[in-house]
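Coordinate-derived values only; no laboratory data. Treat the numbers as computed from the prediction; the structure is a model and nothing was measured. Neighbour counts run over all protein chains shown; Cβ positions are idealised from the backbone, glycine included.
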Amino acid sequence: MNDDWRVHVTCPTAATAAELSELLRTGDVQHELEAAAGERVIVSLDGRELFLYAGTREQAERAAAAVGSLGARAGIAAQTDLRRWHPVAEEWVDADAPLPETDAARAAEHAELIDEQHREQAELRYAEWEVRASTGSHRETVELADALRAEGIPSLRRWRFLLVGAADEDAARALAQRIRALAPEEARVEVEASYPTVEAEVGPNPFAVFGGLGV
């Protein structure tokens, strides 16, 4: 199933990119994204570039609009480019480039994606803590998500990144150990307070920022 969309944001300097990333992290952004686990957008920073990973085109377009609005308010002249992952060529392509599927297959794929996001939302929305994992490739992330699913652990996948909810900090740290055992050796696994926990403190923020991890 293809559920990988990317907004490539290019800023004038690495400093302005870091500033924009921090604004996204702190939730200082006006947006129309739904405040649900299945709607999370994952952000990575690489020099003067930001990469926003979404599950659907609509979500990616809303994220791009939110970042554009935030950049304008902060005086950052950022440029955005929307791409999607080509599952056969295994590369990012133009958002409007046709994929090697029939209309019926694409419709079924989209319906499956929506169902999966609803399941993710039900499992992750009220988690107090979350484990964030990043791997070295898209394929490794898919394999890790499949391995977690086989053990009954639901996760939210975006490109090379995974979010897994946990009830408390101790449970999150124990879960992180299980994920490290399943993940590739070079994978990065961290424990953080989850979106609902942060929301109670600073307000809604659908962006999960993985700082300094590149693309």
> Among residues other than R139 whose Cβ falls under 11 Å from its Cβ, what is the net charge (Lys/Arg +1, Asp/Glu -1)?
Replying inline: -3
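Taking the highest mean first, how do the peptides 73-81, 131-139 order by number of other beta carbon atoms within 10 angstrom per residue?
Working: 73-81: 14.2, 131-139: 19.1.
Going by the mean number of other Cβ atoms within 10 Å, highest first, we get 131-139, 73-81.
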>> Explain nothing, just compute: Karplus ³J(HN,Hα) = 6.51 cos²θ - 1.76 cosθ + 1.60, θ = phi - 60°, for every residue of the range 46-58 in order, whole Hz, x for Gly and Pro.
In response: 9, x, 9, 10, 10, 10, 10, 10, 10, x, 9, 4, 4
> Per-residue HN-Hα couplings for the range 166-174, Karplus 6.51 cos²θ - 1.76 cosθ + 1.60 at θ = phi - 60°, whole Hz, x for Gly and Pro?
Replying inline: 9, 6, 8, 5, 4, 5, 5, 5, 5
> Using modelled amide H (1.01 Å from N, peptide plane; none on Pro or chain starts), what sits under 5 Å from the amide H of A208, excluding residues fewer than 5 places away?
Replying inline: V41, I42, V43
> Considering amide H positions built from the backbone, and no H for Pro or chain starts, which residues 5 or more places from A95, or on another chain, come under 5 Å of its amide H?
Replying inline: R84
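Given 20 °C and 1.002 mPa s, compute D for the range 5-94 with the Stokes-Einstein relation, Rh being the Kirkwood radius over Cα pairs; round to the nearest whole µm²/s.
162
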